[in-house]
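Values in this text are rule-based calculations from the coordinates and carry no lab data. This is a predicted model, so every value here is computed, not measured. Reconstructed Cβ throughout: ideal geometry from the backbone, glycine too, with neighbour counts over all protein chains shown.
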Amino acid sequence: MSTDIIDTKELHKIDPVFGQGSFDNHEQIVFCNDKDTGLKAIIGIHNTVLGPALGGTRMWNYSSEWDALNDVLRLSRGMTFKSAITGLDLGGGKAVIIGDAKAQKTPELMLKFGEFVHSLGGKYITAEDVGMKTSDMDLVRTVTPHVTGISEANGGSGNPSPITAYGVYMGMKAAAKYTYGTEDLQGKVIYVQGIGNVGESLVEHLSKEGAKVVISDINQERLEEVRDKYGVKIYEGKNLYSEEMDIYAPCALGATVNDDTIGQFKAKVIAGAANNQLAVEQKHGKALREKGIVWAPDFLINAGGIINVYAELVKYDRAEIIRKTENIYNTTLEILKNADVNDITTYQAAFNIAQARIDARKNEK
Ligand code: NAD
């Protein structure tokens, strides 16, 4: 089954949780509320066949609780397949906190959230996502051991974003090799949408290699900072999707490959860090294939961060983390070829491998 973006205004017409389009046999969904701190959070545990459900916490000013639920269901499911395809013994989970991280995130709120995570006894392990910092995870660590991505000073692996960006860079190079016959990105016009933690680090790799990088973000200050640091160009137009480019790198939020944008893309390759880039996985995966656009599956190429935080749980070996992250290049190339041979979408090719690993483990039990 695929999880689809749904019109949340229509949700009241269907069963609100188990009946909605993004629900995909999730094992557990936990609604967390605390009046004193104003915490409203949802923890989604999609699947724990391969291990505890690990996935970051996102704090976002959702327009409705439905949007938040829809997001956590999609994100937690994505984590299941990300860990499965990367060969990690982890299940898929994710959490969302409803609110503006800049204005509403307080230490008390984070501690209360940590207590909810702790109450799950390790079935869900948290980490950073959008709106979170390493220091937030350090705070959570004071109330539960079930957290990763904590600072090096506190015995953790620090911010996972640079490793995520490195993996995305590897996946992008593989997609370039497949599409253009060379992994060399020099001279390629690459639009990076969202220059936060991961986006900036990706820009660094790309500009070092001599790509023609164009950046876009909703935060003007960040744009100027990253432009000045790496000498890249700020996108000044109104509709990035229809611009002439070689590679589109979505590094902000998901679902930017959708009914509106799909007809506009001129890029031959889409490879970025954002989770859930395809609004409707099967439909938009197929549409990209028909248009001849090579999509490097997001849950495959943005796995560097989870490789890094997973190592906190087992044994932190930097060389092994880099080796596994660099292997994203080989896996991406294999999956792109496999999709062609079998005439399926790159999404399906990646999904099949991940699902097969979960099924095999289930059968062993
Ligand atoms: P971040 O919050 O540091 O950065 C996100 C950036 O996107 C911000 O600068 C924000 O202003 C910008 N943004 C938001 N909406 C935008 C829009 N409509 N157009 C342009 N820019 C917009 O987050 P991050 O940690 O860099 O993560 C980026 C994406 O990668 C997210 O989808 C996240 O889930 C995914 N991801 C991150 C990691 C990680 O290790 N941090 C790992 C895997 C996946």
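Once Rh is set to the Kirkwood radius over Cα pairs, what Stokes-Einstein translational diffusion coefficient, in µm²/s, holds for the range 161-357 at a temperature of 25 °C and a viscosity of 0.890 mPa s?
Details: Rh = 16.7 Å.
The diffusion coefficient I find is 147 µm²/s.
To one decimal place, what orientation-averaged projected area in nm² is obtained for the convex hull of the Cα set of the range 54-196? Write down the numbers at each step before the final one.
Numbers: hull surface 41.7 nm².
With every direction weighted equally, the projected area is 10.4 nm².
Output the Kirkwood hydrodynamic radius of the chain, Cα pairs only, in Å rounded to one decimal.
On the way: mean 1/r = 0.0488 Å⁻¹.
Hydrodynamic radius (Kirkwood, Cα only) of the chain equals 20.5 Å.
Could you give the dipole magnitude of the chain about its Cα centre, charging the beta-carbon of Lys and Arg +1 and that of Asp and Glu -1, in debye to the nearest 20?
Dipole size: approximately 500 debye.
Once label points are set 7 Å from the Cα along Cα→Cβ at both Gln28 and Ala153, what is their separation, rounded to one decimal in nm?
With each label point 7 Å from Cα toward Cβ, the separation is 3.3 nm.
For a quick protection proxy, order the peptides 317-326, 207-216, 346-355 by their average other-Cβ count within 10 Å, most packed first.
Numbers: 317-326: 14.8, 207-216: 19.2, 346-355: 21.8.
Averaged packing, sorted descending, gives the order 346-355, 207-216, 317-326.
Can you give me the angle between helix 220-230 and the longest principal axis of the chain, using Cα atoms only, in degrees from 0 to 90, rounded to the nearest 10?
The two axes meet at around 60 degrees.
Please give the direction-averaged projected area of the C-alpha convex hull for the range 22-137, in square nanometres with one decimal. Walk me through the numbers on the way to the answer.
Details: hull surface 26.7 nm².
Dividing the Cα hull surface by four gives the mean projection, 6.7 nm².
Please sort 224-234, 275-285 by packing, taking for each peptide the average over its residues of neighbouring beta carbons within 10 angstrom, highest first. Intermediate results must be reported in sequence, preceding the final value.
Working: 224-234: 14.6, 275-285: 22.1.
Ranking, from highest mean packing down: 275-285, 224-234.
Given the peptides 180-186, 158-164, arrange them by the average over their residues of other C-beta atoms within 10 Å, most packed first.
On the way: 180-186: 14.0, 158-164: 22.6.
Going from most to least packed, we get 158-164, 180-186.
Of the options Ala267, Val198, Val214, report the single residue whose Cα projects farthest towards the positive end of the charge dipole of the range 153-280 (beta-carbon charges: Lys, Arg +1; Asp, Glu -1).
Ala267
Against the longest alpha carbon principal axis of the chain, how many degrees, from 0 to 90 and to the nearest 10, is the axis of helix 197-208 turned?
The angle comes out near 20 degrees.
Which lysines does Lys238 reach when only Cα atoms under 16 Å apart count, and residues fewer than 8 places away in its own chain are ignored?
Filter leaves Lys266.
Sum -39500 (n - 2.57) across every DSSP H segment of at least 4 residues in the chain, then divide by the residue count to get the 222 nm mean residue ellipticity, nearest 500. Before the final figure, lay out the partial values.
On the way: 12 runs with 159 residues, N = 365.
Mean residue ellipticity at 222 nm (helix-derived): -14000 deg cm²/dmol.
Given charges of +1 on the Cβ of Lys and Arg and -1 on the Cβ of Asp and Glu, with all other atoms neutral, how large is the dipole of the range 54-154 about its Cα centre, in debye to the nearest 20? Numbers along the way, then the final one.
Numbers: 11 positive and 12 negative charges, 39 e Å.
Value, rounded to 20: 180 debye.
Past the 31 Å Cα-Cα mark, which pairs from Lys94/Lys286; Lys40/Lys268; Lys173/Lys365; Lys105/Lys291?
Numbers: Lys94/Lys286 27 Å; Lys40/Lys268 41 Å; Lys173/Lys365 38 Å; Lys105/Lys291 43 Å.
Over 31 Å apart, Cα to Cα: Lys40/Lys268; Lys173/Lys365; Lys105/Lys291.
With the dipole of the range 271-365 worked out from charges on the C-beta (+1 for Lys and Arg, -1 for Asp and Glu) around the Cα centre, which of His284, Ala296, Ile328 lies farthest toward the positive end?
Checking the options against the dipole of the range 271-365, the answer is His284.
Counting only other residues whose beta carbon sits under 9 Å from that of Lys112, what net charge do I get with K and R as +1, D and E as -1?
On the way: positive: none; negative: Asp34, Asp36, Glu108, Glu115.
Net local charge, Lys112 excluded: -4.
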